[in-house]
Amino acid sequence: MALRKIRVNDDPILRKKSRPVESFDERLWQLLDDMRETLDKAGGIGLAAVQVGVLRRVIVINFGEGYMELVNPEILETKGEQCFEEACLSLPHKAGVTKRPMSVKVRAQNRNGNWVLYEGSELKARCFCHEIDHLDGKLYIDSLAPGEQVHYTEDY
Ligand code: ZN
């Protein structure tokens, strides 16, 4: 495993669209292992491959209950809405209140290519949406709740 460098701020790669994964091979497993380590070291709960400079539809999430590896994730269903503060490892020392669904159903492939269903509400729903947005070149600052602004913080 190896730490990968997290791309930040106005790095243009963060605005690019990631491509689907087609080969569930050792190269993908290496990426996933490196992303786990990088996420761990950074102290975040979610990381998309684009954030380490790889334009593939791959996400690693850890809510403190173990790692989830989501390859080619798709949101199947959303319910309700919530407004809550969000931050991103690629936008250090910033936070802002976004508007997101209250709960989501997501399906994604695992590292072997098998489809897995995920459901989450509140923090988990925000995180799934945030990370899947990264795969389309979107950042949370594009989903701010009405009247909200990004602000400086030392928390992240
Ligand atoms: Zn992010």
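The values are calculated or read from the model by the stated rules, or taken from the named source; none is laboratory data. On a predicted model such as this, the values are computed, not experimentally measured, just so you know. Ligands, DNA and RNA are excluded from the accessible area calculation, which covers all protein heavy atoms including side chains. Shrake-Rupley method; radii C 1.70, N 1.55, O 1.52, S 1.80 Å.
Between the C-alpha center of region 131-147 and that of region 75-114 there is a gap of 9 Å. Extension gain, F24 to E37, is 2.7 nm, computed as 0.36 nm per intervening residue step minus the present C-alpha separation. Can you tell me, using C-alpha contacts under 8 Å and at least 6 residues apart, the relative contact order of region 31-117 as a whole percent? Worked out over region 31-117, it gives 22 percent. Please determine, in degrees from 0 to 90 and to the nearest 10, the orientation of helix 123-134 with respect to the longest principal axis defined by the Cα atoms of the chain, where the helix direction is its Cα long axis. So the inclination is approximately 70 degrees. Accessible surface computed residue by residue for the chain, with neighbouring protein chains in place and a 1.4 Å probe, gives 53 Å² per residue.
Element breakdown for the chain at a 1.4 angstrom probe: carbon and sulfur atoms account for 47% of the accessible area.
Any idea what angle helix 26-42 forms with the longest principal axis of the chain, computed on alpha-carbon atoms, 0 to 90 degrees, nearest 10? Approximately 40 degrees, to the nearest ten.
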